[in-house]
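Working notes for the structure below.
Read-outs throughout are calculated quantities, based only on the coordinates presented, and are distinct from any laboratory measurement. The structure displayed is predicted, hence computed values, not measured ones. Positions of Cβ are backbone-derived with ideal geometry, glycine not excepted, and every protein chain shown enters the neighbour counts.
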Amino acid sequence: MTTLFDPIRVGDIDLATRIVMAPLTRDRAGPGLVPTELMARYYAQRADPASGAGLIITEASQVCPEGQGYLDTPGIFNAAQVAGWRRVTQAVHERGGRIVVQLWHVGRISHVSLQPGGQPPVSSTARVANGKTYIAGGFAPVSAPRALRSDEVPGIVAHYRHAALRAMEAGFDGVEVHAANGYLIEQFLRDSINDRSDGYGGSIDHRCRLLREVMAAVAGAIGGGRTGVRLSPVTPSNDAGIDSQPQALYEHAVAQIAPLKLAYLHVVEGATGGARDHAPFDYAALRRHFDGAWMVNNGYTRAMAMDAVASGEADLVSFGKPFIANPDLGRRLREDAPLNALQMPTLFGGGEAGYTDYPSLEAAGA
Ligand code: 8OZ
């Protein structure tokens with residue numbers, strides 16, 4: 001019987017365990033949105049597969065300046081950012097870990113103060129989201145977006161491709177395309193948001209086109225075996241209203257990208273960070289369209305994760321909040337040890353407090 005603690009080959013990447021650190025926004029990048037030495041330490045603390053993760057997925061990182069929606073989130077589009085990320089990948093690899101970077105474009109979940117030239121953020125639509133983002137000075141309502149013209153979409157796809165190549169330069173083992181949680185790609189997927197009448201809107205097939213083009217460009221640039229994707233079929237995050245036909249939409253989306261032979265598909269079950277039964281969805285039916293590794297997420301306890309892997313329901317399980325508070329979550333799961341509690345006030349922004357100072361069992365003298 002397979003366990004959470006057994007190795008697995010995911011595309012071209014060999015992992016020591018099936019325990020994954022989920023992508024987690026922490027808003028601690030340095031000037032120029034460059035990853036810092038402190039970030040390298042944070043990831044390194046979680047990198048040893050004997051005590052930490054079999055695979056780390058970095059915090060979401062914008063593929064271009066327009067892709068930013070929150071203060072101090074790292075970029076993966078220029079040479080200085082690549083140099084910063086190289087410190088992270090080296091520190092993780094020195095501990096025997098594996099790490100992929102999550103490629104992100106927020107679309108309309110942004111604020112003019114974060115956009116080049118103070119321009120409106122871009123999206124599939126010109127309709128503003130009902131939501132807040134985090135900018136200099138605190139939380140603020142997101143800005144009204146501008147709908148991308150059809151002839152601008154290839155430029156967006158090119159940003160993902162360039163960022164994937166930058167990721168290889170930075171020493172990552174691969175990338176995960178963030179197509180979840182109400183950001184740009186999901187703003188194209190769902191008919192609750194996408195109100196276009198061009199080749200990127202209307203039918204399910206047209207709404208899946210941006211995802212398909214991004215995945216083909218990224219996999220074409222670095223190889224499908226180094227490319228994963230994250231989907232959240234029913235999440236309400238960031239004012240993403242549920243699609244009129246979520247099952248048909250997401251099954252089509254997955255069937256369309258399956259020929260790219262992607263390393264893995266990462267699915268957020270239910271409402272991201274919330275109720276797993278937020279809306280009905282048949283995840284097993286979604287999986288039937290995909291033959292790569294299947295990674296599940298959202299509120300998994302130790303028992304749920306062990307069951308999911310033992311039953312074959314999932315190949316990998318990602319943990320978010322538990323990995324923030326427990327650098328040695330892998331060891332704690334293995335030993336069924338108690339977990340540190342998460343401190344909410346230090347989630348976004350700041351320094352070492354609530355970031356690199358959570359104690360491991362070893363540090364606690366256990
Ligand atoms: C929390 C705060 C800011 C961004 C996501 C990248 O939901 C995020 C995010 C989460 O995917």
(request) Could you figure out which of (1) away from the ligand (no atom under 16 Å from the Cβ); (2) surrounded by fewer than 23 Cβ atoms within 10 Å (Cβ to Cβ); (3) under 22 Å from the mean Cα position of the chain (by Cα) isn't true of A164? (result) (2)
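Which of the strands (runs of 3 or more DSSP E) found entirely inside segment 1-54 contain at least 2 residues meeting this: buried (at least 20 other Cβ atoms within 10 Å of the Cβ), touching a residue at least 60 places away in the same chain (Cβ under 8 Å) and within 17 Å of the chain's Cα centre (by Cα)? It would help to see each step written out before you state the result.
Numbers: elements: 8-10, 13-15, 19-21.
The strands (runs of 3 or more DSSP E) meeting that bar are 19-21.
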(request) May I ask you to verify whether R196 is farther than 15 Å from A258 by Cβ, in contact (Cβ under 8 Å) with a residue 60 or more places away in the chain and crowded, with 23+ Cβ neighbours inside 10 Å? (result) no
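Output yes when any residue across segment 125-144 is part of a helix (DSSP H, G or I), away from the ligand (no atom under 16 Å from the Cβ) and either among the hydrophobic types (A, V, I, L, M, F, W, C) or surrounded by fewer than 20 Cβ atoms within 10 Å (Cβ to Cβ) (or both), and no when none is. So that I can check it myself, show each step before the final result.
Applying the first criterion (part of a helix (DSSP H, G or I)) to segment 125-144 yields none.
Within segment 125-144, none of the residues are part of a helix (DSSP H, G or I), away from the ligand (no atom under 16 Å from the Cβ) and either among the hydrophobic types (A, V, I, L, M, F, W, C) or surrounded by fewer than 20 Cβ atoms within 10 Å (Cβ to Cβ) (or both).
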(request) Collect the residues in segment 170-188 that are of a type in the set (D, E), within 13 Å of the ligand (Cβ to nearest atom) and touching a helix residue (DSSP H, G or I) at 6+ places or on another chain (Cβ under 9 Å), keeping them in residue-number order. (result) E186
(request) Could you tell me which numbered condition T227 fails, if it satisfies all but one of (1) under 30 Å from N326 (Cα atoms); (2) among the polar types (S, T, N, Q); (3) in contact with a Cys (Cβ under 7 Å, 6 or more places away or on another chain)? (result) (3)
(request) List the number of the failed condition for R18; all other conditions in (1) among the charged types (D, E, K, R); (2) touching a strand residue (DSSP E or B) at 6+ places or on another chain (Cβ under 6 Å); (3) within 16 Å of the ligand (Cβ to nearest atom) hold. (result) (3)
